[in-house]
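The values are calculated or read from the model by the stated rules, or taken from the named source; none is laboratory data. Fair warning: this is a prediction, and the values are worked out from it, not measured in the lab. As a convention, Cβ positions derive from the backbone with ideal geometry for all residues, glycine included, and neighbour counts pool all protein chains shown. Ligands, DNA and RNA are excluded from the accessible area calculation, which covers all protein heavy atoms including side chains. Shrake-Rupley method; radii C 1.70, N 1.55, O 1.52, S 1.80 Å.
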Amino acid sequence: MKRYDLIIVGAGPSGLSAAIEAAKKGLNVIVFDENEKPGGQLFKQIHKFFGSKEHRAKVRGFVIGRQLLEEAAEAGVTVKLNATVIGLYQDKEVVVKQGAGIKHYKADSVVIATGAAENMVLFPGWTLPGVIGAGAAQTMMNLHGILPGKKILMLGSGNVGLVVSFQLMQCGCEVVALVDAAPRVGGYGVHASKVARCGVPFYLSHTIVEAEGEEYVKGVTIAEVDDKFRFIPGTEKHFEVDTICMAVGLSPMSQLLKMAGAEMTDDPRRGGQVPVCDKYGRTSIPGVFAAGDVSGIEEASSAMIEGRMAGVIAAQFLGYIDKEELDKELAELDKALDGLRQGMFAPANRGKLIEKTEEGIDISSNLLKKGYVADDEIDRFPGVTHKKGIHPVIECTQNIPCNPCQDACPKKCISIGDNITSLPIAVYEGDCIGCGMCVASCSGQAIFLVDEDCGDGSATITIPYEFLPLPKEGTKGVALGRNGHVVCEAEVVSVRSATAFDKTHLLTMRVPKEYAMTARFFKEAEREVSR
């Protein structure tokens with residue numbers, strides 16, 4: 001029976017991060033993962049991450065995955081794929097199914113980083129082909145290049161539902177509606193806004209009545225629900241779709257910890273049944289640690305930091321570092337994790353209705369109910385300014401942990417300050433040169449460069465654009481407002497692409513000047529934007 005200093009179950013963001021930290025301290029580390037490719041959910045994530053530089057902000061998920069794999073290889077970590085851990089027993093014995101065989105391993109310490117599984121909602125027709133989870137849709141699109149469907153209804157308005165809806169449109173699908181039984185959007189407003197301005201309607205306080213079809217999905221009926229989630233007769237709405245995509249939450253995959261005899265608890269705020277552990281992942285079993293979604297559902301950025309914590313704690317547990325070094329490293333990691341757990345979407349605020357920003361500004365009620373900030377609400381936010389010439393308009397309206405725009409601007413036209421969750425401010429003294437780095441760096445695609453009056457009755461708006469094929473200069477079409485409705489005719493002035501923009505193209509369109517502060521997306525005439 002082969003023995004290791006540390007066995008890690010799960011080669012996702014938390015597991016790889018734990019492996020890297022432990023191996024750097026000198027531990028002999030092996031990672032088991034049941035999949036044929038390492039990286040967990042990261043390689044499905046084609047969007048840019050939030051946070052700061054230390055959180056790998058504005059870097060796309062699949063790039064972060066590659067970085068972690070490279071770091072793990074350099075540190076000497078062994079990664080075994082197609083290896084399903086089927087048992088965790090006393091004395092840290094790990095049983096692994098590899099191919100047709102079963103192998104036993106022993107460890108001096110174990111990190112469980114098995115992540116979470118998608119939840120499902122039951123309704124008539126939910127077993128039909130064409131009803132899939134959002135994670136499955138991402139796997140099909142972003143790992144295998146397969147369209148999940150052509151006309152899709154998304155159930156769930158959390159970050160997963162919002163992000164996957166946008167990615168579905170990027171790959172050429174039509175998202176006919178985004179539906180949620182909750183009375184308000186659950187994910188980041190910037191994610192909702194970029195979906196809404198592409199023309200996707202939001203149906204809050206609605207859920208699915210039934211999926212239609214005999215051999216596969218051919219349609220779906222939704223209806224409004226009351227405050228007790230009962231259908232309201234007469235509110236039914238029908239959509240012709242071939243796919244229903246569900247993003248209705250995740251449940252920690254904590255079975256191995258339960259099998260090992262770790263103390264468990266049912267905690268709905270953390271996603272379900274999770275191990276009882278301290279804030280660094282120490283479970284009730286000495287030398288067995290939990291990291292990432294298995295101990296409570298959060299974002300991948302948090303999972304990576306939790307993994308690093310587990311790695312250094314395992315190193316100290318086995319005597320590779322002393323208590324003083326451990327405390328120093330944990331203090332730095334605590335600070336980084338605390339930064340991600342601030343703002344409106346902090347774990348402590350789950351389920352709460354936040355009515356004002358940290359600055360005392362009323363939250364957009366329209367954003368929470370319909371997915372976009374109304375035109376008569378947008379000017380209340382400090383990033384939305386009016387100035388002669390080209391200037392940034394920052395439509396970031398919620399306190400989320402993110403600050404790449406502040407660092408991206410070479411002329412310091414944007415300020416967030418020391419508090420990472422503060423709303424961005426457009427600095428009047430800043431002399432914008434129109435470079436577009438702020439537009440490209442914004443993980444929420446919430447920054448635009450606007451020249452409100454070009455002197456000839458027109459205005460120009462530079463928007464982030466991540467659809468192919470790219471329109472060419474002179475292409476005529478229409479501008480869409482924040483609600484996804486046509487507001488005016490528009491013409492493409494330029495489309496800029498650069499390595500520094502990391503595949504976020506900068507599309508500049510010309511519109512009548514009276515629409516400078518309402519036109520926020522471009523749709524080419526006679527063909528859909530995502531084709």
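Convex hull volume per residue, computed on the Cα atoms of segment 340-482, equals 141 Å³. In terms of its Cα atoms, segment 292-340 spans 30, 21, 11 Å along the principal axes, sorted from long to short.
A simple count of charges around residue 443, restricted to other residues whose Cβ falls under 14 Å of its Cβ and scoring Lys, Arg +1 and Asp, Glu -1, yields +2. A cut-off of 5 Å between modelled amide H atoms, ignoring neighbours fewer than 5 places along the same chain, links residue 117 with 251, 253.
Taking 21 Å as the cut-off for C-alpha to C-alpha distance, list the pairs among 387/411; 80/106; 58/369 that go past it. The pairs that break the limit, which is 21 Å between Cα atoms, are 58/369. Per-residue packing, averaged as other Cβ atoms within 10 Å, sorts the ranges 151-162, 98-109 into the order 151-162, 98-109, beginning with the highest. Considering only 458, 364, 198, the residue lying farthest towards the positive end of the dipole of the chain is 198, judged by Cα position with unit charges set on Cβ.
Sequence-distant contacts, meaning Cα pairs under 8 Å at least 6 residues apart, place the relative contact order of segment 1-131 at 31 percent.
For segment 179-280, GluC sites (Glu not before Pro) are listed when DSSP marks them as loop and at most 14 other Cβ atoms sit within 10 Å of their Cβ; the list is 214, 215, 236, 240, 263. What is the list of residues in segment 406-438 whose amide nitrogen lies under 17 Å from a point 7 angstrom out from the Cα of residue 356, following Cα to Cβ? Only 422-423 fall inside the zone, counting backbone N under 17 Å. In terms of packing, defined here as the mean over residues of other Cβ atoms within 10 angstrom, the peptides 393-406, 131-144 line up highest first as 393-406, 131-144. The relative contact order of segment 346-448 comes to 24 percent, based on Cα pairs under 8 Å that sit 6 or more residues apart. Identify all lysines with a Cα-Cα distance to residue 472 below 24 Å; exclude those on the same chain that are fewer than 8 residues away in sequence. By straight Cα distance, residue 472 reaches 194, 503, 513, 523. Dimensions of segment 385-456 along the principal axes, based on C-alpha atoms and rounded to the nearest Å, stand at 40, 19, 18, largest first. Most tightly packed first, judged by the mean number of other beta-carbon atoms within 10 Å of their residues, the peptides 191-199, 475-483 read 191-199, 475-483. Its Cα gyration tensor gives segment 228-351 an equivalent ellipsoid. The semi-axes, each the square root of 5 times an eigenvalue, are 37, 18, 13 Å from largest down.
Here segment 320-347 and segment 425-480 have alpha carbon centers that stand 37 Å from each other. Measuring from centroid to centroid over Cα atoms, what is the spacing of segment 179-197 and segment 11-83 in Å? So the two Cα centres are separated by 29 Å. Counting only protein heavy atoms and a 1.4 Å probe, segment 242-378 has 46 square angstrom of accessible area per residue. The stretch between residue 472 and residue 231 holds 82.0 nm of extra length on full extension. This uses 0.36 nm per residue minus the Cα-Cα distance. For the pair residue 334 and residue 1 in one chain, pulling the backbone fully straight at 0.36 nm per residue adds 116.2 nm over the alpha carbon distance.
So, how do all the Cα-to-Cα distances of segment 108-150 break down into 10 Å bins, in percent, from 0 on up? With a bin width of 10 Å, the distribution comes to 22, 39, 25, 11, 4, 0. Working from Cα positions, state the angle (0 to 90°, nearest 10) between the long axis of helix 13-24 and the longest principal axis of the chain. So the helix axis and the longest Cα principal axis differ by about 50 degrees.
Summarising the amide proton neighbourhood of residue 4: residues at separation of 5 or more, or on other chains, whose placed amide H is nearer than 5 Å comprise 106, 107, 108. Give the lysines whose C-alpha is closer than 19 Å to that of residue 335, dropping any in the same chain fewer than 8 places away, or say none. Result set, ordered by chain and number: 53, 279, 323. Seen from every direction in turn and averaged, the convex hull around the alpha carbons of segment 42-120 projects onto 8.0 nm². Spatial offset of segment 278-298 relative to segment 87-153 amounts to 20 Å, using the alpha carbon center of each.
Near residue 12, once Lys and Arg are set to +1 and Asp and Glu to -1 for all other residues with Cβ below 9 Å from its Cβ, the sum equals -2. Extension gain, residue 349 to residue 151, is 67.8 nm, computed as 0.36 nm per intervening residue step minus the present C-alpha separation.
Each label was represented as a point 7 Å from its Cα along the Cα-to-Cβ direction; for residue 37 and residue 386 these points are 4.9 nm apart. Residue-wise HN-Hα couplings along segment 123-128, as the Karplus relation 6.51 cos²θ - 1.76 cosθ + 1.60 with θ = phi - 60° gives them from phi, are 7, x, x, 5, 8, 5 Hz; Gly and Pro carry x. Based on Cα contacts under 8 Å between residues 6+ apart, segment 169-224 shows a relative contact order of 33 percent. Give me the percent of accessible area attributable to carbon and sulfur for the chain, probe 1.4 angstrom. The C+S portion of the solvent-accessible surface of the chain is 51 percent. Here r is the Cβ-Cβ distance between residue 215 and residue 514 and R0 is 56 Å; the resulting FRET efficiency, rounded to 0.05, is 0.60. Secondary-structure-derived ellipticity at 222 nm for the chain, considering helices only, amounts to -6000 deg cm²/dmol, per-run term -39500 (n - 2.57) for DSSP H runs with n ≥ 4.
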